[in-house]
Amino acid sequence: MKTNIGVFFGGRSTEHEISVISASQAMHAIDRTHYDVTPIYITKQGRWYTGEALFDLAAYRDVPSLLKGVEEVFMRPEYGDYNLYRGKRKMFGNDVVTKLDVVIPVLHGSNGEDGIFEGVLESIGIPFAGCNTLASANGMDKITMKMILQACDVPVVDYVWFTDKQWFSDRDRLIERIEERLGYPVIVKPANLGSSVGIGRATSREQLIEKIDGAEIYSSRIIVEHMVEDLKEINCSVLGDCDDYQTSVCEEPIKSGEILSYEDKYMGGSKGAKGMQASQKRIPADLPEDVTERIRFLAGETFRVLSCHGVSRVDMIIDNSNGNIYVNEINTIPGSLSFYLWEATGISFDQLMDRLVKLALKRKRESGQKTVSYDANIFNMGGGVKGTKGTKGAK
């Protein structure tokens, strides 16, 4: 029997549409001679659906009509139950739509790439590709990510972070701190979003206030970074696990303005472009060999110290004024799964998907060798009862 891959996409995220595009690309790349594919679309309201119509990217132009032709489903939060169940039970017959063998999440941004969905999968115990809950959460949150990288001597630009409540209650002090530590210009970002959503450049106090007010709409945690003015942005993908990985060729995205925008990344400057591979870029990036090797090393180190898994893309900054290289961020579920970088490295899209499945199954085998419980019953041994709150008469 073929391995049945469940591909989850969409989700409650500002990157919902990009997730649909990436998943469509991934599902069509999977070798159907070896694998079956079950699409599971998560709506913006958080409901799950499956059905053949979900393979047609054009159908998402009218989502209400699309959902009429597919079936609502769910998974039980029960360890070892890999079944996909019907949302509406039949009077007769089986309530199981299909059994999944492995999951590939292609959920960008909040509620998908940030560890929330990965936690669901870990609770069920199903093999899945990509970072686990901890690595996903650390990779998604720009503040936590930078803290970990700094502690491991991976270079990042200087920054100040705070919460939305701090911004409302102590705005003047935060502005002074930003100006004293970073100066202008700066980049303001929501801490846990991707795809350049909510990001803005500020060159003055007035602009700083405006950009922070805009960013806090999306996130309760805000990060303000020193902006490297004479910069070159370089991306590199990493594939494997934190103990055994390889890096791709590098790319240089071409931005239309001061910041690489959502449109630059996913629309390629035109209405009809689809996915991250449609953005304008140079592959491989035109860099000296030693700079390329340094970037690939730092990409690998970022992947390693964050304990990543599967395929990620690490976005870097080169300061042209002094040659310094900084890690900007990591995308633990990158747009288009960075297949175009791996094709340029010599790994086809179908081979990339095959590797992700094998990595998922390998991690499941290895995790099964770990002890997850301690074989002792303290209740039979008389321990733990005396100190229990609310227990009366314990002797």
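The values are calculated or read from the model by the stated rules, or taken from the named source; none is laboratory data. Fair warning: this is a prediction, and the values are worked out from it, not measured in the lab. Please note: Cβ atoms are built from the backbone with ideal geometry, for glycine as well, and neighbour counts cover all protein chains shown.
Considering only residues in the stretch 202-217 that are out of contact with any strand residue (DSSP E or B) (no Cβ under 9 Å at 6 or more places or on another chain) and of a type outside the set (S, T, N, Q), the one that is surrounded by the most Cβ atoms within 10 Å (Cβ to Cβ) turns out to be 213. Among the residues of the stretch 1-21, just one is among the small types (Gly, Ala, Ser) and surrounded by fewer than 24 Cβ atoms within 10 Å (Cβ to Cβ), namely 13.
A quick yes/no check of all residues on (1) within 27 Å of residue 355 (Cα to Cα); (2) loosely packed, with under 14 Cβ neighbours inside 10 Å; (3) out of contact with any Pro (no Cβ under 9 Å at 6 or more places or on another chain):
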| residue | (1), (2), (3) |
| --- | --- |
| 30 | yes, no, yes |
| 36 | yes, no, yes |
| 39 | yes, no, yes |
| 44 | no, yes, yes |
| 99 | yes, yes, yes |
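Within the stretch 109-120, the set of residues being not in a helix (DSSP H, G or I) and not charged (D, E, K, R) comprises 109, 110, 111, 112, 115.
Restrict the check to the stretch 220-242 and report whether at least one residue is polar (S, T, N, Q), out of contact with any Asp or Glu (no Cβ under 9 Å at 6 or more places or on another chain) and modelled with pLDDT of 95 or more. Checked the stretch 220-242: no residue is polar (S, T, N, Q), out of contact with any Asp or Glu (no Cβ under 9 Å at 6 or more places or on another chain) and modelled with pLDDT of 95 or more.
For the subset of the stretch 101-124 comprising residues that are under 19 Å from residue 367 (Cα atoms) and without any contact (Cβ under 8 Å) to a residue 60 or more places away in the chain, which member is surrounded by the fewest Cβ atoms within 10 Å (Cβ to Cβ)? Here the residue is 123. Take the conditions (1) buried (at least 21 other Cβ atoms within 10 Å of the Cβ); (2) without any contact (Cβ under 8 Å) to a residue 24 or more places away in the chain; residue 130 misses just one of them, which is (2). Counting only strands (runs of 3 or more DSSP E) that sit completely within the stretch 1-90, those holding 2 or more residues that are without any contact (Cβ under 8 Å) to a residue 60 or more places away in the chain and within 23 Å of the chain's Cα centre (by Cα) correspond to 35-42, 48-50.
In the stretch 146-201, of all residues being small (Gly, Ala, Ser) and within 21 Å of residue 298 (Cα to Cα), the one that is modelled with the highest pLDDT corresponds to 151. In the stretch 97-118, is there at least one residue being over 30 Å from residue 142 (Cα atoms) and aliphatic (A, V, I, L, M)? Yes: one or more hits. Candidates in the stretch 152-189 are the residues that are within 25 Å of the chain's Cα centre (by Cα) and free of Cβ contacts under 8 Å to residues at least 40 places away in the same chain; of these, the one that is surrounded by the most Cβ atoms within 10 Å (Cβ to Cβ) is 188.
Among the residues of the stretch 59-73, are any surrounded by fewer than 13 Cβ atoms within 10 Å (Cβ to Cβ), within 27 Å of residue 352 (Cα to Cα) and not assigned by TED's automatic domain parsing to the domain that holds residue 360? No, because not a single residue in the stretch 59-73 is surrounded by fewer than 13 Cβ atoms within 10 Å (Cβ to Cβ), within 27 Å of residue 352 (Cα to Cα) and not assigned by TED's automatic domain parsing to the domain that holds residue 360.
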